[in-house]
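Let me begin by presenting the structure, written as structure tokens, before commenting on it.
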2 protein chains.
Amino acid sequence: MISQAEENYLKAIFKISEKEAKAATTNAIAAEMQTTAASVTDMLKRLAEKNLIDYEKYRGVQLTPEGNKLATALIRKHRLWEVLLVEKLGFAWDEVHELAEQLEHVQGNGLVDRLDEFLGHPKFDPHGDPIPDAEGRWSFRQQVLLGTLKVGDHAVVTGVDDHSAAFLQYLDQMHLALGAQLELLERFPYDQSLRIRTGNGQEIVLSEKVGQNLYVKISWEADRDFGKRIMSPAFLMAQLFHRDVQRRGGKRFAPLQLGK
Amino acid sequence: MISQAEENYLKAIFKISEKEAKAATTNAIAAEMQTTAASVTDMLKRLAEKNLIDYEKYRGVQLTPEGNKLATALIRKHRLWEVLLVEKLGFAWDEVHELAEQLEHVQGNGLVDRLDEFLGHPKFDPHGDPIPDAEGRWSFRQQVLLGTLKVGDHAVVTGVDDHSAAFLQYLDQMHLALGAQLELLERFPYDQSLRIRTGNGQEIVLSEKVGQNLYVKISWEADRDFGKRIMSPAFLMAQLFHRDVQRRGGKRFAPLQLGK
DNA sequence: AATAATTTTTAGATTTGCCTAAAAATATAA
DNA sequence: TTATATTTTTAGGCAAATCTAAAAATTATT
Ligand SMILES: [Mn+2]
Ligand SMILES: [Mn+2]
Ligand SMILES: [Mn+2]
Ligand SMILES: [Mn+2]
């Protein structure tokens, strides 16, 4: 049996290890969990006792295969619930994280699979994050930060790095939700701010910070029809991802290489 | 803030008070919660401290208006989740209780209302139990135990008293799910067992125990078409309940009078 | 290499929720 | 009404998960 607290720690460790290839430190986990280093040390002992992490005093931790499997399953559940909340219950993408944080801990035979089935086996959650399949395999995509585009590039919004409600609401206001089309018109050298044209033809300026928190996929085929044909976000997303390959679960894939 | 354990105790007290009009005893709560009397006493002190129950040593407990409201909301959540699990995710009615037992504790603004909306404001859960509305009002129905029918009565299955998986599965096997039609053909005086005809024309014999755990609604109009016209369970249930009145929340309604 | 700064662990408490065993109160029976 | 049985509470303890403060280990800096 594994407690909710233990599950949350596993997920935190997974997320840290995902970004930085090295072992997760006590402090990093404490920051992610919004708790104290002392509490983390306590928990690390428990998780090591259960063989969910490899833990050496003062050396940080790594998930064992067992721990990785549990963390992956937890993320799968979290993101599937998020899809349900947005697609079926009508929540906005900035409202669902806290709910999914609770729902992910619901245990029950067949629940996840039925959820997955009901939702049509989605590969990405409402924030564009990949949903591992039942065997723990991840979909991934060729996405880059908006800030790395070259002037003249056309692209489609595919995800966010900052998941805060404030950022998501800002994107909604700018008409930059998932699937939104855009073209980079200009980069101001002074502060690296970006002038773009959005799908509806409007021109707006975005700060460097936005450029570093918004993932996009560069589109070549689409640019000819840009602004003329109206395509639904769902259609666009499907177009963008239909060629995406899959990697085996277990071995974590390398952090996305940003830029060229 | 209220913990999951506290919520579960409130629900247990509510359920006990629902059946017996008097104060819920420590032992009754312990039985319902499958724990010890000592643990219950501990918790009663905490709930009384939070003004969720009226508690006098050795005198049992009653929910305060505040406690009643919380318990009602919890039951609403539990039963709405059960509807989702059965109607949307495809679970059988004997599989959903444990899941709903966890899901009922998920907290979040607007979750219950959106769930209710998505499900089409159901008035009864997959076991035929009423779902209080957002204001805490209960639907109720004119149902009696199968065992109290007179020979010759026609009826429709509307609910169960025993919610165990074993009983629910048995009912499935006998084609006595919610909405199933039946006619009481004979009562054997020897052991009070019942011979009935089910919707598909088959005759079966049910034990006295079944008769005391299955709720039905006597039907007059329907008997003419019995066995000829095929009606969906959903249609039948709707027909049966469309005239049901509602009672105000807060004051608990009297336990159902069985028999005449 | 020694000192300073930082990180991590330990020590000791606290809260929640549960347990068993014993004591106290209440209800039932003789 | 006294004795007996039952119910309920108290006492004492335990495990999970958290905290603060202090000690120990590691890392960075002179
Ligand atoms: Mn969580
Ligand atoms: Mn997400
Ligand atoms: Mn529960
Ligand atoms: Mn139910």
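Just checking, does segment B:163-174 include any residue being open to solvent by less than 30 Å² (accessible area, probe 1.4 Å), within 27 Å of residue B:98 (Cβ to Cβ) and touching a strand residue (DSSP E or B) at 6+ places or on another chain (Cβ under 6 Å)?
no
If you check residue A:128 against the conditions, is it within 21 Å of residue A:11 (Cβ to Cβ), under 18 Å from the mean Cα position of the chain (by Cα) and part of a strand (DSSP E or B)?
no
Could you run through segment B:142-152 and say how many residues are surrounded by fewer than 19 Cβ atoms within 10 Å (Cβ to Cβ) and either in contact with a strand residue (DSSP E or B) (Cβ under 7 Å, 6 or more places away or on another chain) or assigned to a loop (DSSP other than H, G, I, E, B) (or both)?
Residues in segment B:142-152 being surrounded by fewer than 19 Cβ atoms within 10 Å (Cβ to Cβ) and either in contact with a strand residue (DSSP E or B) (Cβ under 7 Å, 6 or more places away or on another chain) or assigned to a loop (DSSP other than H, G, I, E, B) (or both): 5 in total.
Let's see how each residue does on (1) among the β-branched types (Val, Ile, Thr); (2) away from DNA strand C (no atom under 16 Å from the Cβ); (3) outside any loop (DSSP other than H, G, I, E, B):
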| residue | (1), (2), (3) |
| --- | --- |
| B:62 | no, no, yes |
| B:66 | no, yes, yes |
| B:69 | no, yes, yes |
| B:75 | yes, yes, yes |
| B:87 | no, yes, yes |
| B:100 | no, yes, yes |
| B:120 | no, yes, no |
| B:135 | no, yes, no |
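Would you pick out the residues in segment A:34-48 that are out of contact with any strand residue (DSSP E or B) (no Cβ under 9 Å at 6 or more places or on another chain) and open to solvent by 50 Å² or more (accessible area, probe 1.4 Å)?
A:34, A:35, A:36, A:38, A:42, A:46
Report, by residue number, each residue of segment B:1-15 that is near DNA strand C (Cβ under 7 Å from one of its atoms) and charged (D, E, K, R).
Within segment B:1-15, just B:6 meets the criteria.
Is it true that some residue in segment A:96-109 is within 10 Å of chain B (Cβ to nearest Cβ), away from ligand 1 (no atom under 16 Å from the Cβ), modelled with pLDDT under 95 and surrounded by fewer than 21 Cβ atoms within 10 Å (Cβ to Cβ)?
yes
Among the residues that make up segment A:43-51, is at least one of them in a loop (DSSP other than H, G, I, E, B) and within 13 Å of DNA strand C (Cβ to nearest atom)?
Scanning segment A:43-51, I find no residue that is in a loop (DSSP other than H, G, I, E, B) and within 13 Å of DNA strand C (Cβ to nearest atom), so the answer is no.
Of all residues in segment B:52-69, which are surrounded by fewer than 20 Cβ atoms within 10 Å (Cβ to Cβ), within 26 Å of residue B:113 (Cα to Cα) and touching an Asp or Glu at 6+ places or on another chain (Cβ under 7 Å)?
Of everything in segment B:52-69, just one residue is surrounded by fewer than 20 Cβ atoms within 10 Å (Cβ to Cβ), within 26 Å of residue B:113 (Cα to Cα) and touching an Asp or Glu at 6+ places or on another chain (Cβ under 7 Å), namely B:64.
Applying the selection to segment A:111-135, what residues are within 14 Å of chain B (Cβ to nearest Cβ), more than 20 Å from residue B:92 (Cβ to Cβ) and aromatic (Phe, Trp, Tyr)?
none
Being within 16 Å of ligand 1 (Cβ to nearest atom), out of contact with any Lys or Arg (no Cβ under 7 Å at 6 or more places or on another chain) and farther than 20 Å from residue A:4 by Cα is true for just one of A:85, A:52, A:80, A:70. Which residue is that?
A:85
If residue A:223 satisfies all but one of (1) assigned to a loop (DSSP other than H, G, I, E, B); (2) at pLDDT below 95; (3) of a type in the set (Asp, Glu), what's the number of the condition it fails?
So the condition that residue A:223 fails would be (1).
Filter segment A:80-129 for residues that are within 16 Å of DNA strand D (Cβ to nearest atom) and more than 23 Å from residue A:214 (Cα to Cα) and give the result.
If the condition is that a residue be within 16 Å of DNA strand D (Cβ to nearest atom) and more than 23 Å from residue A:214 (Cα to Cα), then A:102, A:104, A:105, A:106, A:107 are the ones that fit.
How many residues are among the β-branched types (Val, Ile, Thr), touching a Ser or Thr at 6+ places or on another chain (Cβ under 9 Å) and within 25 Å of residue B:138 (Cα to Cα) if we restrict to segment B:33-84?
Result for segment B:33-84: 2.
The values are calculated or read from the model by the stated rules, or taken from the named source; none is laboratory data. Computed from a prediction, not measured in an experiment: that's the story for all the values here. Cβ sites come from the backbone with ideal geometry, for glycine too, and all protein chains shown count toward neighbours. These accessible areas exclude ligands, DNA and RNA; they are computed on the full protein's heavy atoms, side chains included. Shrake-Rupley method; radii C 1.70, N 1.55, O 1.52, S 1.80 Å.
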